Ligand code: NAP
């Protein structure tokens with residue numbers, strides 16, 4: 001199977017924060033991969049900007065180093081890297097000062113697509129936007145990519161939206177959530193809306209419950225001071241898990257286009273019931289062979305959660321009576337992200353009671369080993385009478401679609417190309433982000449009011465025991481967090 005590269009028009013992509021971690025690890029390697037696939041047509045260029053004083057030659061060296069550090073060796077071809085280097089330019093610019101902007105203006109070409117990637121702290125978004133306009137750098141049709149976190153509550157998100165709206169139209173703003181760029185996340189829409197098989201069953205009549213898990217083995221790493229002010233709720237649930245929930249629960253949009261998809265996602269967030277405090281479990285990882293959370297964030301009094309599990313209800317006709325269980329955490333047993341849809345058992349079993357009864361389970365694996373797996377019930381082979389067993393209809397994308405699937409563009413590659421194409425479908429709209437904060441804020445405020453303390457959990461475990469109870473008391477079980 002050969003992957004199809006969709007042509008794009010020539011562009012200039014300007015990265016503010018070009019010397020930062022995200023640019024080095026994700027954005028620049030992603031652009032190099034698109035360059036190798038022929039998606040930087042004409043004289044398309046990447047212009048790096050940050051305060052650090054250096055010339056273009058030094059930045060080209062730094063980018064070449066980042067490519068070889070963060071991409072597998074087989075993707076790092078010396079000739080391609082040399083050719084990509086020629087597309088790179090650097091200009092020292094301070095978002096808070098007036099130096100460098102005139103130089104930037106001379107570099108950016110007016111006649112091509114302009115995309116500005118704000119890979120800097122959100123506190124700089126306003127200053128960047130103001131100077132881009134004051135120095136007349138950007139054209140009217142320029143696009144602006146902004147990174148998470150998009151606010152830390154409803155008020156700050158509104159402020160950011162207002163700031164951006166002062167300078168740009170909503171259709172120029174691309175709020176990135178890299179989960180939406182994952183192949184399987186888009187496949188969730190293909191599975192739901194491209195098959196007749198699932199959609200008729202996709203409701204409370206046939207679905208018992210849904211589990212959404214994003215489990216990580218890493219701790220907070222070098223992001224301790226940021227993470228301790230955010231916690232799992234702000235860092236993961238409000239954005240990534242909420243987006244997965246929306247794609248799972250939304251009504252079919254009339255077309256696969258930005259406004260229609262985003263309208264349906266927004267309806268899901270607005271339909272969420274407030275969460276009962278008894279339906280949330282917060283946890284914090286303890287020291288084991290590796291340091292515990294409080295050592296990692298260097299705050300012995302921290303009450304921030306590194307794990308969260310919660311049960312929520314989407315209050316509409318489709319989902320009334322079908323709970324959604326969400327969980328995410330750090331330093332867990334395995335790295336695993338998946339959406340698991342548990343169907344109800346058959347209404348009546350024609351088999352003997354000891355044949356066993358089973359329910360179908362559809363799992364959509366986001367990482368690792370992207371793929372889908374549908375468990376169906378069959379007769380146990382052999383002469384032992386009618387006994388039922390579950391077997392998987394398992395499709396690993398890498399196996400089913402060939403080696404190109406393993407080499408498919410990663411989330412950043414896909415999303416950056418969507419920006420160049422002007423397609424906002426996989427980006428969050430301002431009202432979506434605000435609605436998600438409006439749902440999240442009262443939950444976090446409740447913890448502060450009650451001085452809620454997260455429960456300890458062992459590093460390498462599945463999270464706090466109480467999280468298991470969250471499902472056990474409903475007669476259900478979490479899927480094991482196991483490596484695939
Ligand atoms: P970082 O490593 O601290 O880099 C920040 C960048 O901003 C540097 O290039 C820095 O360069 C530049 N900068 C700082 N002040 C500036 C100013 N006044 N004018 C112009 N440039 C300035 O941060 P990061 O990890 O790359 O993250 C960037 C953004 O992406 C943040 O909003 C972060 O929350 C978000 N994000 C990061 C990740 C990740 O994995 N790293 C993931 C998701 C979201 P100079 O010091 O040379 O100016």
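Among 150, 427, the order by Cβ neighbours within 10 angstrom, fewest to most, reads 427, 150. Sequence-distant contacts, meaning Cα pairs under 8 Å at least 6 residues apart, place the relative contact order of region 41-97 at 65 percent. Relative contact order, whole percent, for region 11-147 stands at 32, derived from Cα pairs under 8 Å and 6 or more residues apart.
Evaluate E = 1/(1 + (r/R0)^6) for residue 94 and residue 407, where r is the Cβ-Cβ distance and R0 equals 56 Å; express this FRET efficiency to the nearest 0.05. For residue 94 and residue 407, the calculated efficiency is 0.90. Between the beta carbons of residue 452 and residue 320, assuming R0 = 45 Å, the FRET efficiency works out to 0.95 to the nearest 0.05. The C-alpha atoms of the chain define a longest principal axis, and helix 258-270 lies at about 50 degrees to it. Computed on region 400-484, the Cα convex hull volume stands at 218 Å³ per residue. Length available on full extension from residue 102 to residue 58: 0.36 nm per residue minus the Cα-Cα distance, which gives 13.8 nm. For a paramagnetic label modelled on residue 136 (point 7 Å from Cα along Cα→Cβ), amide N atoms under 19 Å away belong, within region 95-130, to 98-112, 114, 129-130. Ordering 32, 457, 226 by the number of other Cβ atoms within 10 Å of each residue's own Cβ, fewest first, gives 226, 457, 32.
The label point for residue 287 and the one for residue 389, both projected 7 Å from the Cα toward the Cβ, are 4.8 nm apart. Annotation for region 438-484 versus region 1-57: alpha-carbon center distance of 39 Å.
Please report the orientation-averaged projected area of the chain, defined via the convex hull of its C-alpha atoms, in nm². Mind dumping the intermediate values first?
Numbers: hull surface 101.2 nm².
The number I arrive at for the chain is 25.3 nm².
Listed from fewest to most Cβ neighbours within 10 Å, the set 116, 174 follows the order 174, 116.
For region 234-263 versus region 325-360, the inter-centroid distance based on Cα atoms is 23 Å. Antiparallel beta bridges, as assigned by DSSP with both residues in the chain, represent about 55 percent of the total such bridges. Taken along its three principal axes, the alpha carbon spread of region 1-116 comes to 51, 32, 21 Å, from the longest extent down to the shortest. Across the chain, the relative contact order, built from alpha-carbon pairs under 8 Å that are at least six residues apart, equals 18 percent.
Taking the C-alpha atoms only, the angle from helix 125-134 to the longest principal axis of the chain is near 30 degrees. Per the Kirkwood formula applied to alpha carbons, region 329-413 shows a radius of gyration over Rh ratio, Rg over Rh, of 1.11. Rounded to the nearest 10 degrees, the inclination of helix 56-70 to the longest alpha-carbon principal axis of the chain is 20 degrees. Between residue 400 and residue 423, the contour length at 0.36 nm per residue exceeds the Cα-Cα span by 5.5 nm.
Every number here is computed from the coordinates shown, using simple stated rules; none is lab data. Computed from a predicted model, the values in this text were never measured in an experiment. Every residue, glycine among them, receives a Cβ derived from its backbone with ideal geometry; neighbour counts consider all protein chains shown.
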